[in-house]
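Sharing a structure, written as structure tokens. Questions coming.
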Amino acid sequence: MQIDIQARSFTLTNALKIYAEEKLKSSFSRCQDHLNRIVVRLSDINGPRGGEDKLCHIHVVLPGISDVIIEDTEQDMYAAIDRAIDRAGNAVERKVDRQQSALRHQRPLRNYLSA
């Protein structure tokens, strides 16, 4: 699983990068074998003006399944990361579970047709 964390309109601190990486690894540990790449883009939309403007955009690339894209905006960047990663993790698990379920249901049909 390749992880790429980018910052837009602010400087990415090492602490923020490590926090996001650890949270990603923890949230996607169950289905990490099904992931190609995760791209996280962190942005401070309003800059120094403040407000609920910390954006976390997550793009998860899954082989053979459509990508998962999640965005969350919060007042605090850590909160935006937490919420976006939790939502992305849930979405990825659902997609992977659906794909595996579909594959399980296809196998008996294939065996039946080839016999």
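Could you tell me whether the range 65-79 includes any residue that is more than 16 Å from the chain's Cα centre (by Cα), over 18 Å from Gln6 (Cα atoms), touching a residue at least 24 places away in the same chain (Cβ under 8 Å) and assigned to a loop (DSSP other than H, G, I, E, B)?
Looking for residues that are more than 16 Å from the chain's Cα centre (by Cα), over 18 Å from Gln6 (Cα atoms), touching a residue at least 24 places away in the same chain (Cβ under 8 Å) and assigned to a loop (DSSP other than H, G, I, E, B), one finds at least one in the range 65-79, hence yes.
Also, I was wondering about something else. Does the range 1-54 hold any residues that are in a strand (DSSP E or B), surrounded by 18 or more Cβ atoms within 10 Å (Cβ to Cβ) and not basic (Lys, Arg), and which are they?
If the condition is that a residue be in a strand (DSSP E or B), surrounded by 18 or more Cβ atoms within 10 Å (Cβ to Cβ) and not basic (Lys, Arg), then Ile5, Ile38, Val40, Leu42, Ser43 are the ones that fit.
Only the coordinates and a few stated rules stand behind these numbers; no lab work does. Please read all numbers here as calculations on a predicted model, not as lab measurements. No Cβ is skipped: glycine too gets one built from the backbone with ideal geometry, and neighbour counts run over all protein chains shown.
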